[in-house]
């Protein structure tokens, strides 16, 4: 069995930090997955990933120190199943606005009797013959609360059996509220919406999550009660490192 130590931390009430990867490079995925971060989120919604590169990245991450997770492109039974079959131990499902959306995500992620996941897998077979005995306990199923409709339904969504937590999308949430995402950090309406998500998770015993711009924000948000936090990305780290280099060079 492989323990999902990131999920364990969250069940203990502690924050868990991850890095998102979207460059489409299995080599970069392997490197960043062994840097010491809790988990890695392979982003197949906005990232530059094809099926082959996704499979190779998950192959590289199956034995990494970080727990391999993935954001699926949409709330789709087959797409979710393929990511699970290749070894992800966490799934983030975008645009979950209703209880029905959340139930559909759970059905795709979990084996019967809780869900309807199909029996059969590819790369996940490397976890051992006992994989089906423990995966439902170890998988972390997160739904994205990223609209004002989802915020209003947050407590009901988070109460759905089989949902472990959420990953709030601050930019799309802002857009749904008529707020420019670039101005969201300074808008009290947006702050109150995020507070409502955290409270919904506390009321249901689930982990509140948030997409953060970097480590400083992730640390701050952890102090506000968020637990499932992305603290940067492969593209972000590459570009910030390049920018710092230019400062040193005086360019």
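The values are calculated or read from the model by the stated rules, or taken from the named source; none is laboratory data. It should be emphasised that the depicted structure is a prediction, and the values quoted were computed from it without experimental measurement. In this analysis, Cβ positions are derived from the backbone assuming ideal geometry, glycine residues included, and neighbour counts consider all displayed protein chains.
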### Message
If the requirement is being surrounded by 23 or more Cβ atoms within 10 Å (Cβ to Cβ) and either at pLDDT 95 or above or within 25 Å of residue 66 (Cβ to Cβ) (or both), which of these qualifies: 242, 154?
### Response
154
### Message
Just the residues that are touching a helix residue (DSSP H, G or I) at 6+ places or on another chain (Cβ under 7 Å) and in a helix (DSSP H, G or I), please, taken from the range 225-251.
### Response
234
#### Entry: Considering residues of the range 91-103 that are in contact (Cβ under 8 Å) with a residue 60 or more places away in the chain, buried (at least 24 other Cβ atoms within 10 Å of the Cβ) and touching a helix residue (DSSP H, G or I) at 6+ places or on another chain (Cβ under 7 Å) only, the residue nearest to residue 167 (Cα to Cα)
96
### Task
Assess whether residue 106 counts as being in a helix (DSSP H, G or I) and without any contact (Cβ under 8 Å) to a residue 24 or more places away in the chain.
no
### Task
With respect to residue 80, determine if the residue is in a helix (DSSP H, G or I) and within 14 Å of the chain's Cα centre (by Cα).
yes
### Query
Taking the range 216-251 on its own, how many of its residues are in contact (Cβ under 8 Å) with a residue 24 or more places away in the chain and under 17 Å from residue 6 (Cα atoms)?
10
### Message
The conditions are (1) surrounded by fewer than 24 Cβ atoms within 10 Å (Cβ to Cβ); (2) touching a helix residue (DSSP H, G or I) at 6+ places or on another chain (Cβ under 9 Å); (3) under 21 Å from residue 173 (Cα atoms), and residue 45 fails exactly one of them. Which is it?
### Response
(2)
### Task
Provide a single number: the residues in the range 1-13 that are outside any helix (DSSP H, G or I), surrounded by fewer than 16 Cβ atoms within 10 Å (Cβ to Cβ) and under 16 Å from the mean Cα position of the chain (by Cα).
0
### Message
Can you pull out every residue in the range 145-171 that is outside any loop (DSSP other than H, G, I, E, B) and touching a residue at least 60 places away in the same chain (Cβ under 8 Å)?
### Response
157, 165, 166
### Task
Among the candidates 174, 142, 222, single out the residue that is modelled with pLDDT of 95 or more, assigned to a helix (DSSP H, G or I) and within 16 Å of the chain's Cα centre (by Cα).
222
